[in-house]
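The values are calculated or read from the model by the stated rules, or taken from the named source; none is laboratory data. Computed from a predicted model, the values in this text were never measured in an experiment. Note that we place each Cβ from the backbone using ideal geometry, even for glycine, and neighbour counts take in every protein chain shown.
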Amino acid sequence: MKHLVAPSILSADFANLQRDIEMLNNSEADWFHLDVMDGLFVPNISFGIPVIKAIKKHAKKPLDVHLMIVSPDNYLQAFKDAGADHLSVHYEACTHLHRTVHAIRDLGMKAGVAINPHTPVNVLQDIISEIDLVCMMSVNPGFGGQKFIEGTYQKVKYLRQLIRTKKSKAKIEIYGGVDLKNAPLLIKEGADVLVAGNAVFGSKNPREAIEKLKKD
């Protein structure tokens with residue numbers, strides 16, 4: 001399967017958000033990646049349900065919503081209603097991960113689990129067969145523009161092995177510091193989805209940057 005590219009809206013120009021959405025609609029991007037931060041689980045606040053609803057009205061591609069929040073179970077229905085197609089919760093934020101994953105799928109969304117850089121891959125061995133996506137953080141969550149953590153390559157390799165062993169269909173999504181230099185290595189190790197923020201929106205030609213990420 002050809003890998004996917006999911007530009008992170010967190011790096012878009014919020015004063016010209018519709019313009020950037022239309023740009024992504026007309027680009028080779030596959031998904032819109034939307035980060036929801038509550039200032040508690042991570043030391044930052046981003047945007048919430050009203051913004052996602054507004055994006056959904058114009059987006060022509062799936063919304064990949066990443067919840068960096070505490071108590072995500074309280075908001076699953078709300079994010080479904082807002083237009084989320086994929087919904088990822090953090091392993092570190094879910095006391096009853098199995099229940100949360102099944103609640104997401106029961107609502108008709110693809111279920112993802114995100115893991116922080118310090119969280120080992122093997123914590124997913126009992127849930128990997130029941131999820132659609134693993135969002136592997138390659139920076140500490142909370143802020144854009146951080147430096148890529150080099151240990152991510154080995155974690156991707158371990159995760160790919162776990163997915164094969166458990167005969168899972170989960171996609172491996174990498175988020176944080178992804179650029180044109182590390183993208184080919186991530187794909188080589190087994191990544192399926194590249195989330196790119198600054199590498200896309202910080203470039204002179206975002207559509208061209210997406211095309212290059214798709215070719216790697």
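ASN198 meets the stated requirement of being surrounded by fewer than 19 Cβ atoms within 10 Å (Cβ to Cβ), more than 23 Å from ALA93 (Cβ to Cβ) and modelled with pLDDT under 95.
PRO141 fulfils the conditions (1) without any contact (Cβ under 8 Å) to a residue 12 or more places away in the chain; (2) crowded, with 20+ Cβ neighbours inside 10 Å; (3) not acidic (Asp, Glu) except for a single criterion, (1).
All conditions in (1) at pLDDT below 95; (2) within 15 Å of the chain's Cα centre (by Cα); (3) surrounded by fewer than 20 Cβ atoms within 10 Å (Cβ to Cβ) hold for GLY177, with the sole exception of (3).
Scan segment 25-41 for residues that are without any contact (Cβ under 8 Å) to a residue 40 or more places away in the chain and among the polar types (S, T, N, Q) and report the count. Of the residues in segment 25-41, 1 are without any contact (Cβ under 8 Å) to a residue 40 or more places away in the chain and among the polar types (S, T, N, Q). When we screen ALA78, ALA114 for residues that are within 16 Å of the chain's Cα centre (by Cα), closer than 23 Å to TRP31 by Cα and of a type in the set (A, V, I, L, M), the only hit is ALA114.
Of all residues in segment 42-74, how many are under 16 Å from the mean Cα position of the chain (by Cα) and either assigned to a loop (DSSP other than H, G, I, E, B) or surrounded by fewer than 16 Cβ atoms within 10 Å (Cβ to Cβ) (or both)? So the count comes out to 7. Among the residues examined, LEU87 qualifies as within 16 Å of the chain's Cα centre (by Cα) and without any contact (Cβ under 8 Å) to a residue 60 or more places away in the chain.
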